[in-house]
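Peer 1: Supplied in structure tokens, the structure appears directly below.
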Amino acid sequence: MRWARAGIVTVTAVLVSVATAFAQEKLKVIYGLSIPDRVGSLVYARTVDFESKSPGLGYALRFGGRPGWMVDVYLYDLGLTSIPADAESSVIKDQLGRARGDVFELGKRGTYAGVTDRGDFVVPATGKPRFICSSFSYRRGERVDIDVESYLCLSSWANKFVKVRMTAPKGTMSRRDATDFVQAWIELLH
């Protein structure tokens, strides 16, 4: 009986150690920010390192959602040493303007078609904004025939830009989905 109890205790200790190691293995750290397995309702999938080949371009973090969803969070600094913490600063607004311009430029190049500005919003909706956002609809795909809705939000953290880009087939992602994910990022960044 003693051996059985000792065996159970040993097996339990090993399982706890393995579970702890597995959880730590999934945890990634980018610029000192620990990225958990899940942010809001979305699951962290992988990191793409642009920084090592192109300093200033940082990292893209891919998250999994519902089928067809493309969700990326970019952490980068473009070589700037100081990026204001105020989401309404001219630096952040300018960066959002450039990112918006990139979406419309892809429309001009034919990668997207029918790019439509669906309006701007902030997160949170009341109080001091932490992210400034824009929304779009357009068509994409090999034949540029898939109607999508897309959300683009920008902020900063620790002298890095934080850009959230969420795109999904029309009708599968709402502005609420975008604001919920961005709100989860606000909590993570504090």
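Peer 1: On a full-extension model of 0.36 nm per residue, what is the gain between residue 46 and residue 116, subtracting their alpha-carbon distance, rounded to one decimal in nm?
Peer 2: Extra length from residue 46 to residue 116 when fully extended: 22.2 nm.
Peer 1: Can you pull the percent of region 72-190's accessible area that's carbon plus sulfur, 1.4 Å probe, other chains left in place?
Peer 2: Reported share for carbon and sulfur atoms: 48 percent.
Peer 1: Give the distance, in whole Å, between the Cα centre of region 124-190 and the Cα centre of region 99-118.
Peer 2: Computed from Cα coordinates, the inter-centre distance equals 16 Å.
Peer 1: For the residue pair residue 158 and residue 144, what label-to-label distance in nm results when each label sits 7 Å from Cα along the Cα-to-beta-carbon direction?
Peer 2: 4.0 nm
Peer 1: Excluding ligands, DNA and RNA, what is the solvent-accessible area per residue of the chain at a probe of 1.4 Å, expressed in Å²?
Peer 2: 56 Å²
Peer 1: Got a sec to turn the phi values of region 120-125 into Karplus ³J(HN,Hα) couplings, 6.51 cos²θ - 1.76 cosθ + 1.60 with θ = phi - 60°, whole Hz, x for Gly and Pro?
Peer 2: Using θ = phi - 60°, the values come out as 9, 7, 10, 10, x, 5 Hz.
Peer 1: Once R0 is set to 30 Å, what does the formula 1/(1 + (r/R0)^6) return for the Cβ-Cβ distance between residue 34 and residue 172, expressed as a FRET efficiency to the nearest 0.05?
Peer 2: 0.50
Peer 1: Still on this structure, I have one more. Between residue 184 and residue 85, what is the FRET efficiency for a Förster distance of 22 Å, r being their Cβ-Cβ separation, to the nearest 0.05?
Peer 2: For residue 184 and residue 85, the calculated efficiency is 0.70.
Peer 1: Another question, then. When the chain is treated as a GNM, springs tying every alpha-carbon pair under 10 Å, which of 48, 103, 71 comes out with the largest mean-square fluctuation?
Peer 2: Evaluated over the chain, the most mobile residue of the options is 48.
Peer 1: For the chain, take the longest principal axis of its alpha carbons; what is the angle in degrees between that and the long axis of helix 175-189, to the nearest 10 within 0 to 90?
Peer 2: Long axis of 175-189 versus the principal axis of the chain: about 60 degrees.
Peer 1: Report, ordered by chain and residue number, the aspartates and glutamates lying within cross-link reach of residue 28, taken as a straight Cα distance under 18 Å and ignoring same-chain residues fewer than 8 apart.
Peer 2: The reachable aspartates and glutamates, counting only those whose Cα sits under 18 Å from residue 28, are 37, 49, 51, 72, 187.
Peer 1: Moving on. Pick from 89, 137, 150 the residue whose mean-square fluctuation is largest in a GNM of the chain, springs joining Cα atoms under 10 Å.
Peer 2: Ranking 89, 137, 150 by mean-square fluctuation puts 89 first.
Peer 1: Please compute the length gained on full extension between residue 78 and residue 108, using 0.36 nm multiplied by the number of residues separating them and subtracting their Cα-Cα distance.
Peer 2: 8.3 nm
Peer 1: Reachable lysines from residue 128, Cα under 25 Å, same-chain residues fewer than 8 places away excluded?
Peer 2: List returned: 93, 160, 163.
The values are calculated or read from the model by the stated rules, or taken from the named source; none is laboratory data. Just so it is clear, the model here is predicted, and its values are computed rather than measured. Cβ sites come from the backbone with ideal geometry, for glycine too, and all protein chains shown count toward neighbours. Accessible surface is based on the protein model in full, side chains and every heavy atom, while ligands, DNA and RNA are left aside. Shrake-Rupley method; radii C 1.70, N 1.55, O 1.52, S 1.80 Å.
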